[in-house]
Amino acid sequence: MSPFAIGILAIGMSVDALIASIGRGAGAVRPSWAEALKTGAVFGFVETLTPLLGWLMGVVASQYVQTIDHWIAFVLLGGVGGRMALHAFQRDAQAPVAGNNRSLTMLVATAVGTSIDAMAVGVSLAFLDVNIVVIALAIGAATTLMSTGGVLAGRFLGARFGRYAEILGGLALIGLGGSILYEHLTA
């Protein structure tokens with residue numbers, strides 16, 4: 001795989017995490033650089049691991065992962081997005097996001113939900129002659145940078161548009177999960 005192709009793949013696999021991190025940043029009153037870096041690091045770490053796990057599963061039993069990956073992504077993204085939108089509707093327009101919505105558990109669940117496609121890509125790469133470690137590291141680095149930037153961009157959206165940006169972020173995650181499900185069911 002050429003370096004250009006690896007770069008395109010890395011950016012493509014990172015877009016889901018970018019959307020989720022914008023929603024996360026929009027839902028906070030003023031996320032700090034530490035929060036942005038933590039989000040980027042968690043998303044990047046998970047996005048680095050999932051193609052490796054997918055590649056290993058592809059080597060062992062690809063037909064099982066490919067039959068359910070879209071459902072896993074749909075449930076995780078739909079659940080996290082629904083919860084994000086619901087919390088935005090329930091809180092006062094001027095109130096900060098509840099700490100529970102900012103939890104590490106929610107962050108990891110979102111990261112896993114947005115990285116299911118990277119796992120599926122890892123499965124497909126198991127059948128090609130590629131250096132999976134280089135590809136996984138490229139995906140992880142792109143995701144870390146894009147997610148960190150997404151939280152900071154979401155921070156400005158949140159300051160201007162408050163809970164409406166958080167609702168939009170939640171709906172985007174639900175739409176993303178639905179899109180993944182639709183693509184796999186109609187393929």
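The values are calculated or read from the model by the stated rules, or taken from the named source; none is laboratory data. These numbers were taken from a predicted model, which means no experiment stands behind them. The protein model used for the area step is the full one, side chains on, heavy atoms only, and it has no ligands, DNA or RNA in it. Shrake-Rupley method; radii C 1.70, N 1.55, O 1.52, S 1.80 Å.
Here are the numbers for this structure:
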item: For the chain, calculated [θ]222 nm from helices alone, where every DSSP H run of n ≥ 4 adds -39500 (n - 2.57); result: -30000 deg cm²/dmol
item: Per residue accessible area of the chain, 1.4 Å probe, in Å²; result: 48 Å²
item: Accessible surface of the chain [probe 1.4 Å, protein heavy atoms]: carbon and sulfur percent; result: 73 percent
item: Full-stretch length increase - residue 45, residue 106 - with 0.36 nm per residue and alpha-carbon distance subtracted; result: 20.4 nm
item: Solvent-free Debye scattering, log10 I(q)/I(0), computed from the Cα coordinates of the chain at q = 0.09, 0.12, 0.15, 0.17 Å⁻¹; result: -0.31, -0.54, -0.80, -0.99
item: Acute angle (nearest 10 degrees) that the helix 33-90 long axis makes with the longest principal axis of the chain, alpha-carbon atoms; result: 10 degrees
